[in-house]
Amino acid sequence: MKKLLLLPFIVLLFSCDQFQTRKVSSDEILIEEKEELNWHEVDQYPAFSECREILEEVAAKDCFGTKVATYVYARLEQKQPVVTESLHDTIMLHLIVSDAGRPEIDTIEIDSVVLHHLPKIRTWIQESVDSLPKIYPASKRGIPVATRFKMPIVIEAE
């Protein structure tokens, strides 16, 4: 009978160490959170109104990229440039969407041949970006953040 009473007491004695708590400061929590967060990824991509309801990451990113490309190509097609030689090249547009949802061009990589045949291409691309409809910014943990995109623009002229 004595053995049965000692066993629960011994179990309680060894398990009490697990109930000890340590006081953690808010600074320590903040440091741990910063280390764990991946700041190169967002929880929600920037979106136009028709893409806001898409929750799946790849689909949301594709929707945004497709809409930007559609708006830029539509604007460029309105210019109806005339070229004397055929062109087949790709322009790289580095686009930033601010934490307020404002699009701005970071850089544009354009081959000199394209610039020679289409000297106003930078202006046309800038006008295209300026005419984009309202963009809802990307967010990380519910906080709006700026994002950067690299978008190819294919130039084909016959």
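A short reminder: the numbers here are calculations on the coordinates, not readings from a lab. The structure displayed is predicted, hence computed values, not measured ones. All Cβ positions, even for glycine, are placed from backbone atoms using ideal geometry, and neighbour counts span all protein chains on display.
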Worksheet entry | Segment A74-E41, extension gain: residue separation times 0.36 nm, minus the distance between their alpha carbons | 8.9 nm
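At a 10 Å Cβ-Cβ cut-off, how would you order L93, L132, L115, fewest neighbours first?
Values: L93 21, L132 18, L115 13.
Starting with the residue having the fewest Cβ neighbours, the order is L115, L132, L93.
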Fill in: Amide H within-cut-off set for A47, under 5 Å, with H built and near neighbours excluded
Y136
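Among R102, R141, which comes first, second and so on when ranked by fewest other beta-carbon atoms within 10 Å? Walk me through the numbers on the way to the answer.
Values: R102 15, R141 10.
Fewest-to-most Cβ neighbours within 10 Å comes out as R141, R102.
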Worksheet item: How do I125, I105 line up, fewest other C-beta atoms within 10 Å first?
Response: I105, I125
Discussion item. For a test of understanding, tell me how many lysine pairs in region 49-157 have Cα atoms under 24 Å apart, given they are 8 or more places apart or on different chains.
Written reply: 14
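For an R0 of 22 angstrom, estimate the FRET efficiency from the Cβ-Cβ distance between E104 and E53 and round to the nearest 0.05. If you can, show how the numbers build up before the last one.
Working: r = 26 Å, r/R0 = 1.18.
So, using R0 = 22 Å, E works out to roughly 0.25.
Net charge near V68, counting Lys/Arg +1 and Asp/Glu -1 over other residues with Cβ under 12 Å of its Cβ? Intermediate values should be presented prior to the final figure.
On the way: positive: K61, K67, R75, K150; negative: D62.
Within the 12 Å Cβ shell, the charges total +3.
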